[in-house]
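Q: Right, I'll just put the structure down here and ask away after.
Taken together, the values in this text are just the output of simple stated rules run on the coordinates, not laboratory data. As the structure is a prediction and not an experimental result, all values here were calculated from the model. Here the Cβ positions follow ideal geometry from the backbone for every residue, glycine too, while neighbour counts run over all protein chains shown.
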Protein chains: 2
Amino acid sequence: MTEPGRRVRRTPEEARRLILDTAEALIARTGPEGLRLQDIAAAAGISHPLILHHFGSRAGLVRALTQRAAEELKDRLLAAMTQPEYSTGEGIDRVFEAFRGGLAQRLAWLAMEHRDAQRGKPPGPGPQAGVDGDAETASILRQIADVLHARRLAAAPPGQAPLREDTVWLVHLVAAVAFGDAIYGEQLRRSAGIADEEEGARRFRQWLAALLRDHGDGGQPPVG
Amino acid sequence: MTEPGRRVRRTPEEARRLILDTAEALIARTGPEGLRLQDIAAAAGISHPLILHHFGSRAGLVRALTQRAAEELKDRLLAAMTQPEYSTGEGIDRVFEAFRGGLAQRLAWLAMEHRDAQRGKPPGPGPQAGVDGDAETASILRQIADVLHARRLAAAPPGQAPLREDTVWLVHLVAAVAFGDAIYGEQLRRSAGIADEEEGARRFRQWLAALLRDHGDGGQPPVG
DNA sequence: CATTATGTTGACAGAATTGTCAATAGGTAT
DNA sequence: ATACCTATTGACAATTCTGTCAACATAATG
């Protein structure tokens, strides 16, 4: 089957993508303890020195994962929150979906690991100013708030224009609750005595959508 | 100074408490990578086999930490959410404070680590029915919702009694957003262009308190 | 004071992890 | 074809981590 001397040779970009994809899947599935070079290599069908070759060190891999997670969050959240149906139930659903597939876990893990990595660094100004990945996250909520606020201004009755700060906190709220829900929502729901997890999660999203619609329209009761 | 043969001898409860306290502090400070028996032992001023002696294995220690974190969450949330001033700004503040000191990080980490531990276990019914720590979390939101709902019913004008489900989701929302905020709030705020983190966090809590007061009272605009 | 029970520790074993290095092999250019 | 570049790998090194074990020390009990 596998003749000796049969190697796959990828472009550096392909190799990096393969490694990052596999690492992401592992983090999502096996939790924080699951980022071992050998495991990643085994799951990707490569040898672990290849990871070192492409990322320099384990820390380099973590840095790349952080950047990628931030980028992914930006893409998904922007897509979910700036579409026309946002603030209807479907819009909220899409925001919650944005954190699925382990992205929330990855972000939480990286946020913690990141504080770790910063510890011990000399406080002097490093080669690049911001923290790694900051360039990606830097303006994500700001961009979303921009789009959303323009829409709210257009939709608001004259004399009742919402403050921009209100829109920012609205976006912040949805992002934070979706994040918290992705990580701890299931256990919260169980602790509230909700039996059907799938159904419970759905109803919570609907309730939240109604709450926000209510707030955004200035007091109109939800339809249902 | 330290004569040879000078040992501290604790009661098992004291020893366990010392170890758990130290481990919690380490998790909060050094992130997920920081739970090494030797580190805990060094920080606690003991030798690492003592941890194995009291908890059997590293997994046993994690189990104990999980139970303790759940208990702590229950205590803090109950205290924060069932006091009279809840749903005012101060009440919300206290809920957010409940997750401070690394509790949110610990819960997130343990939630992930836990899925890890479950993986590999045979799907058949184990010796104890529930997952470890579930006995502690089992009813926390339910208890809070009970207290809160009674108060809402008493305060509501006749004919406008809120549904119990509404109260449950209210509690769920606050818990989820406080959780998400504790872990990723700072980065969200930075990505929204908020300069002063302390001040930004405070204003968000105030805004959220106003939103909830608005919802709970049935449409009254907030004071500010 | 002798005995028992057990909290506590140092030393060691085994496994696993990151990182290094020389050698191999798949493309590409000359 | 030949030469060159570099993606890829197997084997090895060094460190570190969990877990074991016999020995020691401390408190309680007779």
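Q: At what distance in nm do the modelled label points of A:Ala42 and B:Gln38 sit from each other, each positioned 7 Å from its Cα along Cα→Cβ?
A: Each label point is offset 7 Å from its Cα along the Cβ direction, giving 2.3 nm.
Q: With each label point set 7 Å from Cα along the Cα-Cβ vector, what nm distance links A:Ser57 and B:Asp21?
A: The answer from the label model is 3.5 nm.
Q: Please compute, for peptide B:73-81, the average count of beta-carbon atoms on other protein chains lying within 10 Å of each residue's beta-carbon.
A: What the average comes to for B:73-81 is 1.
Q: While we're here: In whole Å, how far is the Cα centre of the stretch B:25-68 from that of the stretch A:185-204?
A: Each part's Cα centre sits 32 Å from the other's.
Q: Now, a different point. Rounded to the nearest 0.05, what FRET efficiency is calculated for A:Leu153 and B:Gln160 with R0 set to 45 Å and r the Cβ-Cβ distance?
A: It comes to 0.90.
Q: In addition: Contact order normalised by length for the stretch A:10-56, with contacts defined as Cα pairs under 8 Å and 6 or more residues apart; what percent is it?
A: Relative contact order of the stretch A:10-56: 36 percent.
Q: Please average, across the residues of B:207-213, the number of beta carbons from any other chain that are within 10 Å of each residue's own beta carbon, and give a whole number. Intermediate results must be reported in sequence, preceding the final value.
A: Values: counts 7, 4, 0, 3, 8, 1, 0.
Counting other chains' Cβ atoms within 10 Å and averaging over B:207-213 gives 3.
Q: Can you figure out the FRET efficiency of B:Arg7 with B:Leu78, using R₀ = 30 Å and their beta-carbon distance, to the nearest 0.05? Spell out each step's value before the answer.
A: Details: r = 40 Å, r/R0 = 1.32.
So, using R0 = 30 Å, E works out to roughly 0.15.
Q: Going by how many other beta carbons lie within 10 Å of each one, how would you line up A:Thr11, A:Thr66, fewest first?
A: Starting with the residue having the fewest Cβ neighbours, the order is A:Thr11, A:Thr66.
Q: Projected onto the charge dipole of the stretch A:136-214 (+1 at Lys/Arg Cβ, -1 at Asp/Glu Cβ, origin at the Cα centre), which of A:Leu173, A:Phe204, A:Gly159 gives the Cα projection farthest towards the positive end?
A: Value computed over the given set: A:Gly159.
Q: Still on this structure, I have one more. Residue of B with Cβ nearest the axis relating B to A, plus distance in whole Å?
A: Residue plus distance in Å, as requested: B:Gly180, 2.
Q: While we're looking at this one, here's another question. Which distances, shortest first and in nm, link B:Asp75 to the matching position in the other copies, using label points set 7 Å out along Cα to C-beta?
A: Sorted ascending, the copy-to-copy spacings read 4.5 nm.
Q: What nm distances, shortest first, do you get from the label point of A:Arg202 to those in the other copies when the point sits 7 angstrom along Cα to Cβ?
A: Once sorted, the set of distances for A:Arg202 reads 4.4 nm.
Q: Related question: Copy-to-copy spacing for A:Arg142, label 7 Å out on the Cα-to-C-beta vector, in nm, shortest first?
A: Label point to label point, same position, other copies: 4.7 nm.
Q: For peptide A:167-174, how many partner chain Cβ atoms fall within 10 Å of a residue's Cβ, on average?
A: Numbers: counts 0, 8, 10, 2, 3, 13, 9, 2.
Taking the mean over all residues of the peptide, I get 6.
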